[in-house]
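Participant: Here it is, the structure, as structure tokens.
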Amino acid sequence: MANIMDKINSEQCKAEVPEFNIGDTVQVHTKIIEGETERTQLFKGIVIARKGSGVQETFTVRKVAFGNGIERVFPIHSPRVAKIEVERKGKVRRAKLYYLRDKVGKAARVKERR
Amino acid sequence: MEKVLIVKKMGMSQIFDEKGKLTPVTVLQALPNTVIESKTVEKHGYSAIQLGAGERKAKNVSKAVCGHVRHAGLESNPPAKIKEFRLNADSELAPGAKIDVSTFTEGEFIDATGTMKGRGFQGVVKRYNFAGGRYSHGGGWKRKPGSIGQCEYPGRVNKGKKMPGQMGNVTRTIQNLQIVKVSLDDNLLCVKGAVPGPQGGTIYISAAKKK
């Protein structure tokens with residue numbers, strides 16, 4: 001029974017998922033379908049959480065735009081997530097960076113890992 | 001072919017379509033289904049098809065069932081599950097014929113019947129989503145149902161009043177589940193949404209009645 005489920009799940013997974021961690025600054029390329037045309041939209045921010053496993057894995061990206069915090073949750077294996085680029089690696093001590101929601105300005109930064 | 005099948009619930013997963021839309025699915029695996037008997041209007045007064053699935057040792061099955069199955073011409077062990085499905089018209093399938101998932105196509109709607117997970121004797125909060133009382137500020141009736149009626153008139157409790165009792169372990173049918181995927185290699189059906197029962201439970205599916 002588990003074999004069948006593994007097979008169904010692995011069919012839905014992408015063959016290769018770029019390596020990125022919590023605290024990294026990433027640029028997510030998402031495919032947007034508007035009527036008949038398709039274009040790519042970029043979303044840049046800090047990865048504050050990775051949840052789930054297998055097909056169900058998602059990650060949350062947070063950025064501050066015009067003073068408003070914006071968070072988007074992407075399913076890692078979604079065909080609409082075309083590319084994930086790591087721009088900067090972060091040095092963090094937690095798996096979930098929810099504390100960033102309460103920080104403003106300079107305090108909301110993540111140290112770079114070298 | 002008749003759109004009926006005995007299947008096993010494998011578990012739930014999710015499927016992305018070509019546009020990237022996510023659909024929650026239940027994976028059902030068809031057991032090898034064999035026609036045991038075709039009932040006709042002429043002979044039995046109604047149309048139905050009797051399917052058998054799985055396998056059981058002959059010593060564990062009553063002789064009546066063994067005999068019934070032998071009449072159908074089945075040489076192997078008697079099936080673990082036997083289910084009769086009512087049909088609109090007489091079936092042309094003869095006893096011994098095999099049915100698999102190829103009778104279903106993607107996009108079709110089905111009804112799924114199974115036995116819910118049993119939850120035992122439960123109170124009204126879990127069973128009927130009653131709100132219950134406050135735990136603090138002088139509450140005093142935490143998970144109780146509260147008043148169950150009025151006074152001298154009507155002088156009795158209304159019929160059908162929701163009260164504590166057995167929850168689950170009853171047969172339930174979920175109607176109009178859409179088939180998202182059919183896999184002939186593994187004899188699998190993926191249907192959108194949930195079906196009753198635990199993983200490994202037996203589910204009886206038929207074409208949707210109301211579509």
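Participant: Given Cα pairs under 8 Å that are at least 6 residues apart, what percent is the relative contact order of the range B:120-167? Don't skip to the end; give the middle numbers.
Facilitator: Numbers: 56 pairs, mean separation 22.6, N = 48.
In percent, rounded to a whole number, it is 47.
Participant: Looking only at other chains, what is the average number of their beta-carbon atoms within 10 angstrom of each beta-carbon in A:75-86?
Facilitator: Mean shielding by partner chains, rounded to a whole number: 2.
Participant: Summing +1 for each Lys or Arg and -1 for each Asp or Glu, what net charge is found among the other residues whose Cβ lies under 9 Å from the Cβ of A:PRO18? Walk me through the numbers before you get to the answer.
Facilitator: Numbers: positive: A:LYS83; negative: A:GLU16, A:GLU19, A:GLU85.
Within the 9 Å Cβ shell, the charges total -2.
Participant: Compute the projected area of the convex hull of the Cα atoms of the range A:2-108, averaged over all viewing directions, and report it in nm² to one decimal place. Write down the numbers at each step before the final one.
Facilitator: Working: hull surface 34.6 nm².
It is 8.6 nm².
Participant: Show that you can apply the helix-only estimate: for chain B, add -39,500 (n - 2.57) for every DSSP H stretch of four or more residues, divide by all residues, and state [θ] at 222 nm to the nearest 500.
Facilitator: Values: 3 runs with 18 residues, N = 211.
Taking each H run of at least 4 residues, the total per residue is -2000 deg cm²/dmol.
Participant: So if we plug the beta-carbon distance of A:GLU36 and B:LEU184 into 1/(1 + (r/R0)^6) with R0 = 41 Å, what FRET efficiency do we get, rounded to 0.05?
Facilitator: On the way: r = 33 Å, r/R0 = 0.80.
Here the calculated transfer efficiency is 0.80.
Participant: Here is a further query. What distance in nm separates the two pseudo spin-label positions at B:GLU42 and B:ASP17, each 7 Å out from Cα along the beta-carbon direction?
Facilitator: For B:GLU42 paired with B:ASP17, the spin-label model returns 4.4 nm.
Participant: Compare B:ALA48, B:ALA80, B:ALA64 in a GNM of chain B, Cα atoms joined below 10 Å, and give the one with the largest fluctuation.
Facilitator: For chain B, modelled as a Gaussian network with Cα springs under 10 Å, the answer is B:ALA64.
Participant: Here is a further query. For the protein assembly as shown, what is the largest minus smallest coordinate of the Cα atoms on each principal axis, given in angstrom and ordered from greatest to least?
Facilitator: 83, 65, 43
Participant: Another question, then. Quick one: Karplus J couplings for the range B:151-167, per residue in order, coefficients 6.51, -1.76, 1.60, θ = phi - 60°, nearest Hz, x for Gly and Pro?
Facilitator: 10, 4, 9, x, x, 8, 8, 4, 5, x, 4, 6, 9, x, x, 4, 10
Participant: Here is a follow-up. If you take the beta carbon distance between B:ASN88 and B:THR171 as r and set R0 to 22 Å, what does 1/(1 + (r/R0)^6) give as a FRET efficiency, to the nearest 0.05? Before the final figure, lay out each step's value.
Facilitator: Numbers: r = 22 Å, r/R0 = 1.01.
E(calc), rounded to 0.05, equals 0.50.
Participant: While we're on this one: Take the alpha carbon atoms of the range B:82-131, find their center, do the same for the range A:52-97, and report the distance between the two centers in whole angstrom.
Facilitator: Computed from Cα coordinates, the inter-centre distance equals 40 Å.
Participant: Tell me, A:ILE70, A:ILE84, B:ILE205 in order of fewest to most beta-carbon neighbours within 10 Å? Could you put the intermediate results ahead of the total?
Facilitator: Working: A:ILE70 12, A:ILE84 20, B:ILE205 27.
Ascending number of Cβ neighbours within 10 Å: A:ILE70, A:ILE84, B:ILE205.
Participant: Please report the projected area of the range B:10-59's Cα convex hull averaged over all directions, in nm².
Facilitator: Working: hull surface 27.2 nm².
The directionally averaged projection comes out at 6.8 nm².
Participant: Right, something else. What nm distance separates the two modelled labels at A:GLN27 and B:LYS59, each placed 7 Å from Cα along Cα→Cβ?
Facilitator: Output for this residue pair reads 7.2 nm.
Participant: Something else now. Name the long-range amide H neighbours of B:ALA97: under 5 Å, sequence gap of 5 or more, or other chain; modelled H, no Pro or chain starts.
Facilitator: Amide H to amide H, under 5 Å and 5 or more residues apart or across chains, B:ALA97 pairs with B:VAL35.
Participant: Then there's this: Student exercise: in the range B:90-175, how many lysine pairs 8 or more apart or on different chains have Cα atoms under 21 Å apart?
Facilitator: So the count works out to 12.
Participant: Given a cut-off of under 8 Å on Cα pairs at least six residues apart, what relative contact order in percent is computed for chain B?
Facilitator: It rounds to 29 percent for chain B.
Participant: Also, I was wondering about something else. Can you compute 3J(HN,Hα) from phi for each residue in the range B:71-80, using the Karplus curve 6.51 cos²θ - 1.76 cosθ + 1.60 with θ = phi - 60°, rounded to whole Hz and x for Gly and Pro?
Facilitator: So the Karplus estimates, Gly and Pro as x, are 4, 6, x, 8, 7, 6, 4, x, x, 6 Hz.
Participant: Can you tell me the length gained on complete extension of the stretch B:THR105 to B:ARG134, counting 0.36 nm per residue apart and subtracting the Cα distance?
Facilitator: The B:THR105-B:ARG134 span can extend by a further 5.3 nm.
Participant: Same structure again: Of the beta bridges DSSP finds with both residues in the range B:93-211, what % are antiparallel, to the nearest 5?
Facilitator: Percentage antiparallel, nearest 5: 95.
Participant: Could you grab the relative contact order for the range A:2-108? Cα pairs under 8 Å, six or more apart, rounded to a whole percent. Intermediate values should be presented prior to the final figure.
Facilitator: Numbers: 185 pairs, mean separation 31.9, N = 107.
30 percent.
Participant: Hey, what's the Kirkwood Rh for chain B if you take every pair of different alpha carbons, in angstrom? Walk me through the numbers before you get to the answer.
Facilitator: Values: mean 1/r = 0.0494 Å⁻¹.
Value: 20.2 Å, from the Cα pair sum.
Participant: Name the most mobile residue of B:LEU177, B:LEU87, B:LEU189, meaning the one with the largest mean-square fluctuation, in a Gaussian network model of chain B with Cα contacts below 10 Å.
Facilitator: Between B:LEU177, B:LEU87, B:LEU189, it is B:LEU87 that shows the largest mean-square fluctuation.
Participant: Also: R0 = 22 Å: FRET efficiency of B:LYS162 with B:ARG119, Cβ-based, nearest 0.05?
Facilitator: Working: r = 15 Å, r/R0 = 0.69.
Using R0 = 22 Å, I get an efficiency of 0.90.
Participant: Within the range B:162-179, what residues put their amide N at less than 11 Å from the label point 7 Å along the Cα-to-Cβ vector of B:LYS126?
Facilitator: Taking a point 7 Å out along Cα→Cβ of B:LYS126, the residues of the range B:162-179 whose backbone N falls under 11 Å are B:165-168.
Participant: Would you tally the net charge around B:LEU93, using a Cβ to Cβ cut-off of less than 11 Å, leaving B:LEU93 out, and scoring K and R as +1, D and E as -1?
Facilitator: Charge balance near B:LEU93 sits at -3.
Participant: Then there is this: Could you check which residue among A:THR25, A:THR40, A:THR60 shows the biggest mean-square fluctuation in a GNM of chain A with a 10 Å Cα cutoff?
Facilitator: Among A:THR25, A:THR40, A:THR60, the largest mean-square fluctuation in the Gaussian network model of chain A belongs to A:THR40.
Read-outs throughout are calculated quantities, based only on the coordinates presented, and are distinct from any laboratory measurement. Because the structure is predicted, anything quoted here is derived from the model rather than measured. Ideal geometry is used to build each Cβ from the backbone, glycine not excepted, and the neighbour counts take in all protein chains shown.
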